[in-house]
Amino acid sequence: MSANIRVLFTRYTMVSAHLSIIPEFLEKIGLLGFDNIFNVNKAEVVNTKNNSDILFRGIKTSAGNQTASLKSLTGVSNWVLDEAEELTDEDIFDTIDLSIREKDIQNRIILILNPVTKEHWIYNRFFQNKGVEAGFNGVKDNICYIHSTYLDNIENLSKSFLERVEAIKHRNFKKYKHKIL
């Protein structure tokens, strides 16, 4: 494990990371047998063995956007934007993106998203402008694309979920292709 890595994990709105994301993260830590080396609070997970941490923050708060406070976090070398399709303002993305600039360490920006419309800035910037087709897995222009669907995780899905997906597939194939695949 690398030492002193600081990850900023964001969603556009993150009201309760301690109720959703952090418990899931802790479950995975436990499955790996590492639960004895992490300290956890409502908005941060710290690896006490190597002094790395994950900060959980929302971009939009009840008081408005907190872009300025996010870009002023020191030592952040990795930014994860979960549910990235919810961020409709490319300028906010750029502001945070350009603040991830630690020296002598690989900086990473990770966007996790469901499909966006062709009008969304993410589609234009990362797919249309780069000639990347839907479903592409690989690297292009220093960007790693990983496309997955429920089929990649089918052994962990309930029978009722799979039945609902099959119903959508037969009722509205276009919706199945866009929303499910």
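The values are calculated or read from the model by the stated rules, or taken from the named source; none is laboratory data. As the structure is a computational prediction, the values presented were derived from the model and not from experiment. So basically every Cβ, Gly included, is an ideal-geometry build from the backbone, and we count neighbours across all protein chains shown. What goes into the accessible areas is simple: the full protein's heavy atoms, side chains included, and nothing from ligands, DNA or RNA. Shrake-Rupley method; radii C 1.70, N 1.55, O 1.52, S 1.80 Å.
If amide H atoms are built 1.01 Å from N in the plane of the peptide, which residues on other chains or at least 5 residues away come under 5 Å of the amide H of THR61?
GLN66
Kindly flag which residue pairs out of LYS28/LYS60; LYS118/LYS175; LYS118/LYS177; LYS60/LYS179; LYS140/LYS169 have an alpha-carbon separation exceeding 20 Å in this structure.
Among LYS28/LYS60; LYS118/LYS175; LYS118/LYS177; LYS60/LYS179; LYS140/LYS169, the Cα-Cα distance tops 20 Å for LYS28/LYS60; LYS60/LYS179; LYS140/LYS169.
For SER99, which sequence-distant residues (separation of 5 or more, or a different chain) have an amide H within less than 5 Å of its own amide H, given hydrogens modelled in the peptide plane?
The answer is none.
With everything on Cα atoms, drop me the angle between helix 159-171 and the longest principal axis of the chain, reported from 0 to 90° to the nearest 10.
The angle comes out at about 50 degrees.
Could you check how much of the accessible area of segment 47-181 is carbon and sulfur, as a whole percent, using a 1.4 Å probe?
Carbon-and-sulfur percentage of accessible area, whole number: 49.
Report ³J(HN,Hα) in whole Hz for each residue of segment 122-136, in order, from the Karplus equation J = 6.51 cos²θ - 1.76 cosθ + 1.60 where θ = phi - 60°; Gly and Pro get x.
Coupling constants for segment 122-136: 5, 4, 4, 6, 9, 10, 4, 5, 9, x, 9, 7, 4, x, 5 Hz.
Need the C-alpha centroid separation for segment 131-147 versus segment 1-56, integer Å.
A separation of 28 Å, based on Cα centres.
So what J values fall out for segment 39-53 if you push phi through Karplus, 6.51 cos²θ - 1.76 cosθ + 1.60 with θ = phi - 60°, rounded to Hz, Gly and Pro as x?
Going residue by residue, I get 9, 10, 10, 5, 9, 7, 10, 10, 8, 6, 7, 10, 6, 9, 8 Hz, with x marking Gly and Pro.
[x] 18.0, 56; [y] 18.2, 53; [z] 15.6, 51: which one is Rg and Dmax of the Cα atoms in Å as calculated from this entry?
[y]
Taking only protein heavy atoms and a 1.4 Å probe, what accessible area per residue, in Å², does the chain have with all protein chains in place?
Roughly 65 Å² per residue, with all protein chains present.
Find out how many positive minus negative residues lie around ASN114, taking Lys and Arg as positive, Asp and Glu as negative, among other residues whose Cβ is under 12 Å from that of ASN114.
Around ASN114, the charge tally is -3.
Can you tell me, using C-alpha contacts under 8 Å and at least 6 residues apart, the relative contact order of the chain as a whole percent?
18
Relative contact order of segment 23-127, please, whole-number percent, based on alpha carbon pairs below 8 angstrom and at least 6 residues apart.
Reported as a whole number, the value is 19 percent.
What do you get for the angle between helix 21-32 and the principal long axis of the chain? Use alpha-carbon atoms, 0 to 90 degrees, nearest ten.
80
Taking H placed 1.01 Å from N in the peptide plane, check which residues at least 5 places from ILE5 or on another chain put their amide H under 5 Å from its amide H.
Under 5 Å from the amide H of ILE5: SER52, ASP53.
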